[in-house]
Amino acid sequence: FSYLKDKDLFGEIYKNQLAKRLLTQKSRSGEAEKSMISKMKMQCGTQFTTKMEGMMVDLAVSEDQKKLFASYVDNKQRTVGSDQVGPDLTVQVLTMGFWPSYNPPDLSLTPEMKSCMDV
């Protein structure tokens, strides 16, 4: 990394690829990603890696929220006495400023998905 002339371009490409790896869960190791971000931070400073570190924190917080929600749904089903299993749904809540922006796709939700929004 220290031999690169255009570190800003590398950082932008790395950030986009990191986002893609994290969102599709294709990253081999979270520790390897953190290590690379740490090395870039030592070479270029905190401001250079703030968004990348934010992406990593977002995913950790999102994982915690996912577990809390699953616990909530389980408790609610036990309280109601329902054995009905809903669709398997994974949601990630992300901080807008950390992640690369993309044009949102037009989606039409199925009735099953719309019913999940009422939880």
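The values are calculated or read from the model by the stated rules, or taken from the named source; none is laboratory data. For clarity, every value in this text was computed on a predicted model and none was experimentally measured. Using ideal geometry, Cβ is built from the backbone for each residue, glycine included, and neighbour counts are taken over all protein chains shown. All accessible areas refer to the heavy atoms of the entire protein, side chains included, with ligands and DNA or RNA removed. Shrake-Rupley method; radii C 1.70, N 1.55, O 1.52, S 1.80 Å.
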Among THR49, THR79, the single one that is in a helix (DSSP H, G or I) and within 19 Å of GLY97 (Cα to Cα) is THR49
Contact list please: Cβ distance under 7 Å, first residue in segment 25-53 and over 18 Å from TYR3 (Cβ atoms), second residue in a helix (DSSP H, G or I) and not hydrophobic (A, V, I, L, M, F, W, C), pairs at least six apart or on different chains.
SER27/ARG21; SER27/GLU33; ILE37/THR49; ILE37/GLU53; THR49/LYS41; LYS51/LYS15; MET52/LYS15
Does TYR14 satisfy the condition of being hydroxyl-bearing (Ser, Thr, Tyr) and part of a helix (DSSP H, G or I)?
yes
For MET96, the lone unmet condition from (1) in a helix (DSSP H, G or I); (2) at pLDDT 85 or above; (3) open to solvent by 60 Å² or more (accessible area, probe 1.4 Å); (4) not charged (D, E, K, R) is (1)
Restricting segment 1-22 to residues that are among the hydroxyl-bearing types (Ser, Thr, Tyr) and loosely packed, with under 11 Cβ neighbours inside 10 Å, the residue that is nearest to THR95 (Cα to Cα)
SER2
Looking at VAL85, VAL61, which is the one that is open to solvent by 60 Å² or more (accessible area, probe 1.4 Å) and at pLDDT below 90?
VAL85
Looking across segment 23-44 at residues that are at pLDDT below 90 and among the small types (Gly, Ala, Ser), the single one that is surrounded by the fewest Cβ atoms within 10 Å (Cβ to Cβ) is SER29
